[in-house]
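Below: the structure, in structure tokens.
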Amino acid sequence: PDVPDLTFYDLPGIIANVSDGGNEKDIQLVEDLAKMYISQPNCIVLLVITCETDFENQGAYRLIKANGSLRSCTVGVLTKPDRIEHGNEGRWLEILRNKSNTLENGWFAIKQPDFQQVKNGISWEAARLGERDYFSTTQPWSSLDEKHRTKNTVLARIKLLLEDVDEELKNYPVPTYDDPKRETIMLLRNFTKDVAKHIEGLPPSCTDDPVDPFTAGLIYSINKKYDAFRLQVHRTAPQFRPWEKRMDKSGAISPSERWKLLSAVKEYDPPSECAGKEFYLAEVMDLAERSRTRELPGNDPFAVKLTYINETTRSWRDLASNCFGKVRDIMEDHVSRLVEDHFRRYAHGGLLEAVSDVVKEQFIRRESTTRKKIESICRGEDRPCTQNEDYFFHYRSELLVKYKATYRRSKDHGNIFGFTSENPRDQQRLVNEAIAGLARLGLHGLKAEEMVKLFPESRMDPALEITAEARAYFQEPSSTQEDFEEGYEDVEEGEGVEEGEGVEECEGGEYYAEEQFEDRPCEERLHPVYVNY
């Protein structure tokens, strides 16, 4: 009662042929049966090889060799040493010495009583005495070193292993068998609380490795992926060039002038290494003219603005999916390490494996839900709209002034007002006088660049308005984006675990989050990842 149970399975030998009338499928059946048993993690393999047949003709060792992990839990046994063909003993001695066909636990040889002795009822003690006499008096076995032919070696090895086991057992908790159900529930409860703490966010210690995502902190590691995603999305914003033609070998815009024009609009462009496409004014005007249907003059088709917006937002699906994949990997690794920390002591009892399976299943289920939510959010971006009117009108007006001024510079060689011969100081004086005159009329706070609003409409004004409006849609203020991200930063699986909820209860959290999402303006809605874990 004080020792663990061992179950002994006597498996059939690996066969290469069947007798007449036999089933050829039995060959594979026997091999598959053996593989099924020996692949169990708590299995000790007793590999029995008979010496009366060539080693190569016995397929059992081939199964051990094919699976390297089995070498450490396999004990080799040679039987019928008295049947070895004369002169062929050397090969078997090499195996017994573990110099050939090696195993971590080595090889042992035994000699059982023959058929007549068994029939006569030989006792176990007499059989062992005969076995000892045989190996101590028969060549070449009697010439082996003492460590290869006495049971003292085996007993010494067992003693060392038992000492190692005793030391390892000291690291395990004292077993409590009074209420195993309560003990298991407490283990799971402590685990879920720990998961919830990590999801809420734990500050690292000064000795933690900042490179290791586990010690660096779950939220910190995920936020790094969010920051990278946010930058990738920002880089996809369209880059409008408010001048008519691209620069080419015979182009009307010189390289130096083009550089000045780019400098004027670069402050609204994404950071370096941007992936957004460049669109020139003539291209925008051409698309606007071709998109007009039965509309009054001066009405810019919304379809044109939609085209440029969707040209950008179309790439967000892949970016969001890739970001989610990275966050999922971080979550899986983090939770797996927590599972290992809490339950590795109970690996042999099956609790570690059971909890790991439940966690993996939960990740699979939540991943499916999350990817659907990401797709739903991306579909919302296919229909541009915003309730954030103040920001939108502000940036549209600001961009329209900037684009109109840049367009006039491109037409008048760097000058907004079309001056050709006046001295720069005279030009500035005239502009200042105009601003002062407008201020006396009640128009205060005007800048020189904003005076382009006073010029008559040009042929390109519709294209300029389209570009300003389409680009203003992506000019999202960072403060509102941060507020939005904080609302979706919570990891629902952790909240459900902390409260003891199942998947069904978590659905309520998702629905509430979706209601919050629908109230957000469109330009704020594409969060890096809607995490359901």
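The values are calculated or read from the model by the stated rules, or taken from the named source; none is laboratory data. Computed from a predicted structure; not experimentally measured. No Cβ is skipped: glycine too gets one built from the backbone with ideal geometry, and neighbour counts run over all protein chains shown. What goes into the accessible areas is simple: the full protein's heavy atoms, side chains included, and nothing from ligands, DNA or RNA. Shrake-Rupley method; radii C 1.70, N 1.55, O 1.52, S 1.80 Å.
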Return yes when residue 368 is closer than 30 Å to residue 319 by Cα, open to solvent by 50 Å² or more (accessible area, probe 1.4 Å), modelled with pLDDT of 85 or more and among the hydroxyl-bearing types (Ser, Thr, Tyr) and no when it is not.
yes
Could you please find all residues in region 44-59 being in contact with a Phe, Trp or Tyr (Cβ under 9 Å, 6 or more places away or on another chain) and assigned to a helix (DSSP H, G or I)?
55
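Residue-by-condition table, conditions (1) among the β-branched types (Val, Ile, Thr); (2) surrounded by 13 or more Cβ atoms within 10 Å (Cβ to Cβ); (3) in a loop (DSSP other than H, G, I, E, B); (4) touching a Phe, Trp or Tyr at 6+ places or on another chain (Cβ under 8 Å):
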{"site": "23", "(1), (2), (3), (4)": "no, no, yes, no"}
{"site": "32", "(1), (2), (3), (4)": "no, no, no, no"}
{"site": "42", "(1), (2), (3), (4)": "no, no, yes, no"}
{"site": "105", "(1), (2), (3), (4)": "no, yes, yes, no"}
{"site": "117", "(1), (2), (3), (4)": "no, yes, no, no"}
{"site": "121", "(1), (2), (3), (4)": "no, no, yes, no"}
What are the residues in region 123-149 that are open to solvent by 80 Å² or more (accessible area, probe 1.4 Å) and not in a helix (DSSP H, G or I), if any?
139, 145
So, restricting to helices (runs of 4 or more DSSP H) that lie completely within region 221-327, which ones have at least 3 residues that are in contact with a Ser or Thr (Cβ under 8 Å, 6 or more places away or on another chain) and at pLDDT below 75?
255-265
Could we say that residue 407 is open to solvent by less than 40 Å² (accessible area, probe 1.4 Å), in contact (Cβ under 8 Å) with a residue 40 or more places away in the chain, touching a Pro at 6+ places or on another chain (Cβ under 8 Å) and aromatic (Phe, Trp, Tyr) here?
yes
I need every pair where a residue in region 42-54 that is of a type in the set (Asp, Glu) has its Cβ under 7 Å from the Cβ of a residue that is at pLDDT below 85 and not in a loop (DSSP other than H, G, I, E, B), sequence separation at least 6 or different chains.
none
Sort out which residues of region 442-477 are farther than 27 Å from residue 308 by Cα, in a helix (DSSP H, G or I) and open to solvent by less than 70 Å² (accessible area, probe 1.4 Å), and write them in order of number.
451
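Kindly indicate whether any position in region 421-441 is part of a loop (DSSP other than H, G, I, E, B) and modelled with pLDDT of 75 or more.
Yes, because at least one residue in region 421-441 is part of a loop (DSSP other than H, G, I, E, B) and modelled with pLDDT of 75 or more.
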Suppose we keep only residues that are of a type in the set (Ser, Thr, Tyr) and not in a helix (DSSP H, G or I) within region 60-103. Which one would you say is surrounded by the most Cβ atoms within 10 Å (Cβ to Cβ)?
74
Going through (1) open to solvent by 20 Å² or more (accessible area, probe 1.4 Å); (2) under 36 Å from the mean Cα position of the chain (by Cα) one by one, residue 395 fails only at (2)
Give me the pairs: first residue in region 297-316 and under 22 Å from residue 377 (Cα atoms) and open to solvent by less than 50 Å² (accessible area, probe 1.4 Å), second residue β-branched (Val, Ile, Thr) and in a helix (DSSP H, G or I), beta-carbon distance under 7 Å, and six or more apart or on different chains, which are they?
305/466; 316/233
